[in-house]
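The values are calculated or read from the model by the stated rules, or taken from the named source; none is laboratory data. This one's a predicted model, so the numbers in the text were calculated from it and none came from an experiment. Every residue, glycine among them, receives a Cβ derived from its backbone with ideal geometry; neighbour counts consider all protein chains shown. Side chains are part of the model used for accessible areas, which takes the heavy atoms of the whole protein and leaves out ligands, DNA and RNA. Shrake-Rupley method; radii C 1.70, N 1.55, O 1.52, S 1.80 Å.
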Amino acid sequence: MKKAYCLLNHSLTDNQIKELVEEYNISEIKYPDAELSAKWMQIPASKNLDMNVIKAVLVWIQDAEKDDVLIVQGEFGSTFYIVDYALKNGLIPVYAVTKRVAEEKRNGEEVVRQYIFRHCCFREYKYFSEYDY
């Protein structure tokens with residue numbers, strides 16, 4: 001029974017869930033509790049990264065098994081540490097690839113631009129050395 005651990009700033013869409021089931025054979029999706037989710041969304045903007053948030057995420061995924069999927073996006077440095085851990089421990093870290101569509105509306109002299117993000121697929125994080133180039 002493969003699981004997906006979802007470490008994003010939002011819940012998965014229906015299309016994302018469908019892809020996880022079809023492409024990765026996922027039967028259960030786990031989200032962090034509200035406290036950890038709030039910490040992940042608000043990584044402090046300071047010179048040194050507070051590793052307590054990273055440690056809390058690692059505790060949350062401690063029951064993950066080899067080939068479970070970890071969907072992770074967020075603050076770059078924190079994401080790097082979590083992805084590195086996942087790769088070294090047999091998890092499959094992925095991120096959502098989206099297409100950004102801009103819509104503009106004019107109202108006299110005002111221009112309002114809205115971006116709509118459409119899910120394309122999940123892409124696996126890999127070490128550079130794993131790619132054929």
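Failed condition for D84, given (1) loosely packed, with under 13 Cβ neighbours inside 10 Å; (2) of a type in the set (D, E, K, R); (3) in a helix (DSSP H, G or I), with all others met?
(1)
Take the residues in region 89-111 that are of a type in the set (S, T, N, Q) and either under 30 Å from L58 (Cβ atoms) or surrounded by 10 or more Cβ atoms within 10 Å (Cβ to Cβ) (or both), then tell me which one is modelled with the highest pLDDT. Lay out the reasoning, then the answer.
Of all residues in region 89-111, those of a type in the set (S, T, N, Q) come to 89, 98, 107.
Remaining after also requiring either under 30 Å from L58 (Cβ atoms) or surrounded by 10 or more Cβ atoms within 10 Å (Cβ to Cβ) (or both): 89, 98.
Numbers: N89: 97, T98: 90.
The residue in question is N89.
Looking at (1) part of a strand (DSSP E or B); (2) farther than 28 Å from L36 by Cβ, which is the only condition V97 fails?
If we test V97 against (1) part of a strand (DSSP E or B); (2) farther than 28 Å from L36 by Cβ, just (2) comes out false.
Residues that are farther than 24 Å from V57 by Cβ, open to solvent by less than 100 Å² (accessible area, probe 1.4 Å) and among the polar types (S, T, N, Q): does region 112-125 have at least one?
The answer is yes, given that some residue of region 112-125 is farther than 24 Å from V57 by Cβ, open to solvent by less than 100 Å² (accessible area, probe 1.4 Å) and among the polar types (S, T, N, Q).
Cβ-Cβ distance below 8 Å, separation of 6 or more or different chains: which pairs start in region 90-114 with a residue that is closer than 24 Å to S11 by Cα and end on one that is polar (S, T, N, Q) and not in a strand (DSSP E or B)?
Y95/Q73; A96/Q16; A96/Q73
Could you give me the residue pairs with C-beta distances under 7 Å whose first residue belongs to region 48-77 and is at positive phi, whose second residue is open to solvent by 50 Å² or more (accessible area, probe 1.4 Å) and outside any loop (DSSP other than H, G, I, E, B) wherever it lies, and which are 6+ apart or on separate chains?
Matching pairs, first to second residue: D67/K2.
Return the only residue of S27, S46 being within 18 Å of F122 (Cβ to Cβ) and open to solvent by 50 Å² or more (accessible area, probe 1.4 Å).
Values: S46 fails: within 18 Å of F122 (Cβ to Cβ).
S27 is the lone residue from the list that is within 18 Å of F122 (Cβ to Cβ) and open to solvent by 50 Å² or more (accessible area, probe 1.4 Å).
Among the residues of region 54-81, which ones are open to solvent by less than 70 Å² (accessible area, probe 1.4 Å), hydrophobic (A, V, I, L, M, F, W, C) and within 26 Å of F128 (Cβ to Cβ)? So that I can check it myself, show each step before the final result.
First, the residues of region 54-81 that are open to solvent by less than 70 Å² (accessible area, probe 1.4 Å): 54, 56-58, 60-61, 64, 67-74, 77-79.
From the residues that got through so far, the ones that are hydrophobic (A, V, I, L, M, F, W, C) too are 54, 56-58, 60-61, 64, 69-72.
Listed by number, the residues that qualify are I54, V57, L58, I61, A64, V69, L70, I71, V72.
Identify all residues within region 78-89 that are of a type in the set (V, I, T), without any contact (Cβ under 8 Å) to a residue 60 or more places away in the chain and closer than 13 Å to Y5 by Cβ; write none if there are none. Give the derivation first.
Looking only at region 78-89, we keep the residues that are of a type in the set (V, I, T), and these are 79, 82-83.
Filter again for without any contact (Cβ under 8 Å) to a residue 60 or more places away in the chain, leaving 79, 83.
Hit for region 78-89 is V83, nothing else.
Among the residues of region 12-47, how many are among the β-branched types (V, I, T), over 17 Å from S78 (Cα atoms) and either in contact (Cβ under 8 Å) with a residue 24 or more places away in the chain or in contact with a Ser or Thr (Cβ under 6 Å, 6 or more places away or on another chain) (or both)?
3
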